[in-house]
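What follows is a single structure, written as structure tokens, with notes after it.
The values are calculated or read from the model by the stated rules, or taken from the named source; none is laboratory data. Worth saying up front: this structure is predicted, and the values here are computed from it rather than measured. Methodologically, a virtual Cβ is constructed for each residue, glycine included, from the backbone with ideal geometry; neighbour enumeration extends over all protein chains shown. Remember, those area values only see protein heavy atoms, side chains included, never the ligands or the DNA or RNA. Shrake-Rupley method; radii C 1.70, N 1.55, O 1.52, S 1.80 Å.
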Amino acid sequence: MTEQAERYVGEILVRRGALPAGRLDELLRSVSEKNVHLLELLEATRELPPEQVAKALADEVGIPFLDQIKPGDVPAQMIDTVPITFARQHKLLALGWLDPSRPEVGPVRVAVSNPLDPTPLDDLRALLGRNVVPVAATPEVIEDAINRVYERKDETALTEAKDEVASEELQDLIDMTDEAPVIRWVNNLFYTAAQRRASDIHIEPSDKEVTVRYRIDGNLQIAKTAHKGFLNSIVSRVKIEAGLNIAEKRLPQDGRITKRIQGRLIDVRVSTIPTSKGESIVMRLLDKEKVLLDLEDLGYSGAPLECIHYLVTRPNGILLVTGPTGSGKTTTLYAALSRINTPDLKILTAEDPVEYELRGIGQLHVQAKIGLTFASALRAFLRQDPDVIMVGEVRDHETAEIAIHASLTGHLVLSTLHTNDAAGAITRMVEMGVEHYLITSSLLGAIAQRLVRRLCPRCKQPYQPTDQDFRQLGVDRARLKTILAMSGTQAWSGMPHHYENALNAPNAGAHSPAHASVEPAFVDLSDELEPLDAEPTQMRDLRDLAPSPLAPSPLAPSIAQPIRPVGGASLFSSSRPKGGSTEPGSIFYKPTGCEDCGGTGYRGRIAIAEILLIDDAVRKEVLNRSDANQIAKVAMARGMRTLREDGARVVATGLTSLEEVLAATQAGEME
């Protein structure tokens with residue numbers, strides 16, 4: 001669409017009362033800069049409810065609006081006539097004949113997401129050979145209906161028990177894999193997973209059926225089932241795509257698939273293992289074209305954000321990010337590299353595998369099978385004259401030793417470790433055989449990180465926390481108020497004094513991004529985040545790029561007063577508990593569930609973290625060979641905020657629930 005056409009669409013939304021007039025010019029500038037359509041931008045940012053946009057466009061052209069589509073009402077003839085690729089590309093669905101009593105004549109009713117675009121309707125008219133009558137619906141409603149309608153036939157075929165597939169041993173795998181229903185069924189797994197922001201697909205056999213589960217926002221959810229007799233067909237189809245041996249069922253296998261879904265390249269890592277019920281498959285999805293998140297989007301703000309910026313701008317040393325698998329460690333390192341990626345720095349990374357492409361950075365895929373390990377990659381890097389090196393993981397003494405050598409010779413090294421807390425990174429390095437004096441002279445700091453699900457802003461409900469809630473979080477109301485204040489731009493006492501003074505200076509943050517201290521708004525963090533499982537769709541990319549009017553002020557983090565987007569309703573509940581205090585942290589929120597979040601009450605994820613800075617007090621404890629608990633106590637006395645305390649901040653600012661923080665952090669972290 002031309003600039004004039006985009007403005008015309010915006011003026012319709014303004015005229016129909018859906019969009020404030022003052023926002024139109026700003027949105028059109030974003031449309032021009034990012035080369036996207038206005039409707040796509042609005043859909044991605046969710047600045048306006050999709051129903052409000054669709055209704056405004058429907059009213060403009062004078063067609064009905066459908067708030068839901070029942071898949072069972074769509075005739076099978078429509079499925080056979082209109083290709084699913086055409087329906088998905090143009091976000092339209094042929095619903096059936098306008099006069100069901102005379103299907104052989106008369107127009108076809110069609111649901112469209114953009115009634116202002118006549119081209120898809122003209123193509124559909126030619127495809128069907130008859131006139132079409134459009135009705136409007138939201139893109140989400142249409143996409144969901146397309147999935148349900150087109151997979152209906154395949155689901156029926158794969159869930160019904162048939163005599164000829166009752167015995168797995170009698171099946172010809174090649175013949176079964178070539179069956180179109182199985183191919184479509186497997187392909188639909190990938191499309192639906194990408195649409196639902198899943199980071200992993202689990203195909204698991206049981207006695208009588210095959211169950212498919214998606215991992216969404218870190219939690220597994222049952223997606224669909226098939227009859228057990230089709231297990232061999234499904235497994236063989238996946239193996240063929242991944243380049244695996246379909247005849248080998250006794251040993252685990254690993255492979256890779258590259259899929260193009262809605263114009264985007266999705267890298268799928270495939271793992272199979274033999275179980276007593278049959279082969280089980282797990283596939284991890286990586287959106288290779290996704291724009292990386294900033295540290296602010298991950299949940300960092302205020303003093304912690306400035307502290308990380310301080311650490312990643314040091315000329316040399318080691319910064320470690322710790323946590324279990326799937327806690328977003330790699331994503332945090334990517335965000336940190338993006339923050340310092342400038343033409344005057346040479347940055348090299350060694351990863352297993354390279355998950356996302358970073359422009360201007362040399363990325364190496366570690367392959368242990370051919371002898372290319374993290375340690376050998378590090379040795380090679382040192383001959384490339386880098387300024388910054390990222391190592392996917394420090395797994396052994398050799399890698400740790402070379403990383404320390406690199407840091408002592410003038411390189412900044414970023415890497416990850418699998419430990420439960422920040423202080424545990426020190427003891428883990430000691431266990432690898434690293435001398436204590438080398439740790440104190442090379443380690444800059446350690447960040448322990450967890451991911452918690454973000455409350456759905458549409459349906460979360462406020463409530464007044466009890467004393468028991470605060471006891472579970474391990475903080476009292478006064479301590480929570482202090483933590484919230486630290487989420488602004490103040491530095492904590494644990495920072496090196498020269499940096500603390502720099503932060504408090506009049507020109508503090510002059511060399512940092514202008515938005516460094518902004519509390520994160522409601523940006524989805526889909527995915528598994530290691531790899532990035534923030535919503536694997538192009539829409540997520542647009543949401544990152546669009547201006548957001550929703551970010552609350554970090555200097556006034558009270559959430560008792562609902563934040564309202566420009567011209568829209570409150571993102572929170574329409575009312576807070578009666579008699580509620582206006583003190584920061586006096587209102588918590590709990591999930592309820594709605595259509596937007598799939599009934600879970602959560603949408604996306606956010607990081608909580610504790611940051612251990614290696615200052616003189618901590619160095620003394622390390623040289624004295626103190627254990628992790630003692631090191632943590634000293635760091636806490638110096639101002640370090642624990643994981644549980646940072647979780648309390650996120651709960652108090654209405655981004656997640658108490659239950660999520662308690663589940664993600666250890667009980668001992670409250671002490």
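Brief remarks follow.
Residues checked against (1) touching a residue at least 24 places away in the same chain (Cβ under 8 Å); (2) among the small types (Gly, Ala, Ser):
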{"position": "Gly255", "(1), (2)": "no, yes"}
{"position": "Arg264", "(1), (2)": "yes, no"}
{"position": "Asp287", "(1), (2)": "yes, no"}
{"position": "Ser301", "(1), (2)": "yes, yes"}
{"position": "Ile308", "(1), (2)": "yes, no"}
{"position": "Val321", "(1), (2)": "yes, no"}
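- Residue within segment 617-633 that is open to solvent by 70 Å² or more (accessible area, probe 1.4 Å), among the acidic types (Asp, Glu) and in contact with a helix residue (DSSP H, G or I) (Cβ under 9 Å, 6 or more places away or on another chain) present: yes
- Residue in segment 282-306 that is farthest from Ala422 (Cα to Cα), counting only those that are surrounded by fewer than 22 Cβ atoms within 10 Å (Cβ to Cβ) and among the hydrophobic types (A, V, I, L, M, F, W, C): Val282
- Residues that are touching a residue at least 60 places away in the same chain (Cβ under 8 Å) and closer than 21 Å to Val61 by Cα within segment 19-40 comprise Leu19, Pro20, Leu39, Glu40, listed in sequence order.
- Restricting Val74, Val82, Val133, Val105 to residues that are modelled with pLDDT of 85 or more and of a type in the set (Val, Ile, Thr) narrows the list to Val133.
- Counting only residues that are among the acidic types (Asp, Glu), within 23 Å of Ile308 (Cα to Cα) and open to solvent by 30 Å² or more (accessible area, probe 1.4 Å), segment 327-381 holds 2 of them.
- Checklist (1) in contact (Cβ under 8 Å) with a residue 24 or more places away in the chain; (2) more than 24 Å from Ser327 (Cβ to Cβ); (3) open to solvent by 10 Å² or more (accessible area, probe 1.4 Å); (4) among the hydrophobic types (A, V, I, L, M, F, W, C) applied to Val210, failing item: (3)
- Members of segment 73-88 that are touching a residue at least 24 places away in the same chain (Cβ under 8 Å) and of a type outside the set (Ser, Thr, Tyr): Val74, Pro75, Ala76, Gln77, Met78, Ile79, Val82, Ile84, Phe86, Ala87, Arg88
- Residue under evaluation Asp385, criteria (1) touching an Asp or Glu at 6+ places or on another chain (Cβ under 9 Å); (2) open to solvent by 70 Å² or more (accessible area, probe 1.4 Å), criterion not met: (1)
- Restricting segment 1-19 to residues that are in a helix (DSSP H, G or I) and charged (D, E, K, R) leaves a set whose member that is surrounded by the fewest Cβ atoms within 10 Å (Cβ to Cβ) is Glu3.
- Candidates Gly106, Gly129, Gly62, filtered to the one that is in contact (Cβ under 8 Å) with a residue 12 or more places away in the chain, farther than 26 Å from Asn187 by Cβ and among the small types (Gly, Ala, Ser): Gly106
- Residue match in segment 348-365 (condition: in contact with a Ser or Thr (Cβ under 8 Å, 6 or more places away or on another chain), assigned to a loop (DSSP other than H, G, I, E, B), modelled with pLDDT under 85 and among the hydrophobic types (A, V, I, L, M, F, W, C)): yes
- Criterion: under 30 Å from the mean Cα position of the chain (by Cα), open to solvent by less than 20 Å² (accessible area, probe 1.4 Å) and β-branched (Val, Ile, Thr) - qualifying residue of Val31, Val74, Val82: Val31
- Flag if Ile201 is buried (at least 18 other Cβ atoms within 10 Å of the Cβ) and either assigned to a strand (DSSP E or B) or over 16 Å from the mean Cα position of the chain (by Cα) (or both): yes
- Being crowded, with 23+ Cβ neighbours inside 10 Å, more than 30 Å from Glu296 (Cα to Cα) and more than 28 Å from the chain's Cα centre (by Cα) is not true of Ala400.
- Applying the condition of being crowded, with 17+ Cβ neighbours inside 10 Å and more than 32 Å from the chain's Cα centre (by Cα) to segment 158-198 and asking which residue is modelled with the lowest pLDDT yields Leu173.
- Subset of segment 225-256 [surrounded by 19 or more Cβ atoms within 10 Å (Cβ to Cβ) and in a strand (DSSP E or B)]: Ala226, Gln253
- Test: residue in segment 55-64 that is over 29 Å from Val132 (Cβ atoms), out of contact with any strand residue (DSSP E or B) (no Cβ under 6 Å at 6 or more places or on another chain) and of a type outside the set (Ser, Thr, Tyr): no
- Filtering segment 449-472 to residues that are touching a helix residue (DSSP H, G or I) at 6+ places or on another chain (Cβ under 7 Å) and either basic (Lys, Arg) or at pLDDT 95 or above (or both) leaves Arg450, Arg453.
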